[in-house]
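The values are calculated or read from the model by the stated rules, or taken from the named source; none is laboratory data. Just so we're clear, the structure is a prediction, and the values are computed from it rather than from any experiment. Virtual Cβ from ideal backbone geometry, glycine too; neighbours counted across all protein chains shown.
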């Protein structure tokens, strides 16, 4: 079941959902709009290796915006820090962002119960498009869970994305044993 606006507010009051900064204008009927943070990143090499640490270079979006190119893959970050202690958060693109040809996640749209961080965005575009820090970029949808959680994400020993980071975080696939 998806949480409604009233239930999202109820859960914020209870502390099971945290959104910082929070703005009531970003609350939708059954979602919360998140915004593009000021930092983007690109990988330093053209060929990525799943078994190696692929390093990134971060840069700030200038006031006049930044043009994303279809030939590049970008990592972005949400302006909002979020915590979700009793629900499964899903990050989806906004329709107005999709209509500009911007995809905000390649595969990682679902968070875990206990996710406490900024969201790294996996951004690709269909044609050149100028983006701006602070623009609406996606929406969080919260799903109820059934049953107790054995190990929330924020206390999992092997969780790779727990360190709080308000900048894009590169893939940590290389930390897996395969």
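Sort out for me the strands (runs of 3 or more DSSP E) sitting completely within the range 53-120 that have 2 or more residues that are under 14 Å from the mean Cα position of the chain (by Cα) and over 21 Å from residue 172 (Cβ atoms).
Where strands (runs of 3 or more DSSP E) fall fully within the range 53-120 and carry at least 2 residues being under 14 Å from the mean Cα position of the chain (by Cα) and over 21 Å from residue 172 (Cβ atoms), they are 74-84, 87-93.
I'd like the full set of residues that are in contact with a strand residue (DSSP E or B) (Cβ under 8 Å, 6 or more places away or on another chain) and not in a strand (DSSP E or B), limited to the range 8-21.
Once the filter is applied, which keeps residues that are in contact with a strand residue (DSSP E or B) (Cβ under 8 Å, 6 or more places away or on another chain) and not in a strand (DSSP E or B), the range 8-21 yields 8, 9, 11, 12, 16, 21.
Would it be correct to say that residue 24 is surrounded by fewer than 11 Cβ atoms within 10 Å (Cβ to Cβ), at pLDDT 95 or above and under 30 Å from residue 145 (Cα atoms)?
Here the answer is yes, as residue 24 does meet what is asked.
Kindly establish whether residue 91 is surrounded by 16 or more Cβ atoms within 10 Å (Cβ to Cβ) and either over 30 Å from residue 154 (Cβ atoms) or without any contact (Cβ under 8 Å) to a residue 12 or more places away in the chain (or both).
Here the answer is no, as residue 91 does not meet what is asked.
With the checklist (1) more than 23 Å from residue 143 (Cβ to Cβ); (2) part of a loop (DSSP other than H, G, I, E, B) in hand, flag the one item residue 30 doesn't pass.
(1)
Restricting the range 136-147 to residues that are more than 14 Å from the chain's Cα centre (by Cα) and in contact (Cβ under 8 Å) with a residue 24 or more places away in the chain, which is farthest from residue 8 (Cα to Cα)?
Taking the candidates together, the pick is 145.
Which one is farthest from residue 116 (Cα to Cα) among residues in the range 131-162 that are in contact with a strand residue (DSSP E or B) (Cβ under 8 Å, 6 or more places away or on another chain) and in a loop (DSSP other than H, G, I, E, B)?
Top of the filtered list is 132.
Can you name the residue in the range 100-111 that is at pLDDT below 95 and surrounded by fewer than 18 Cβ atoms within 10 Å (Cβ to Cβ) and, of all such residues, is nearest to residue 148 (Cα to Cα)?
110
Test each condition in (1) touching a strand residue (DSSP E or B) at 6+ places or on another chain (Cβ under 9 Å); (2) at pLDDT 95 or above for residue 127 and report the one that comes out false.
(1)
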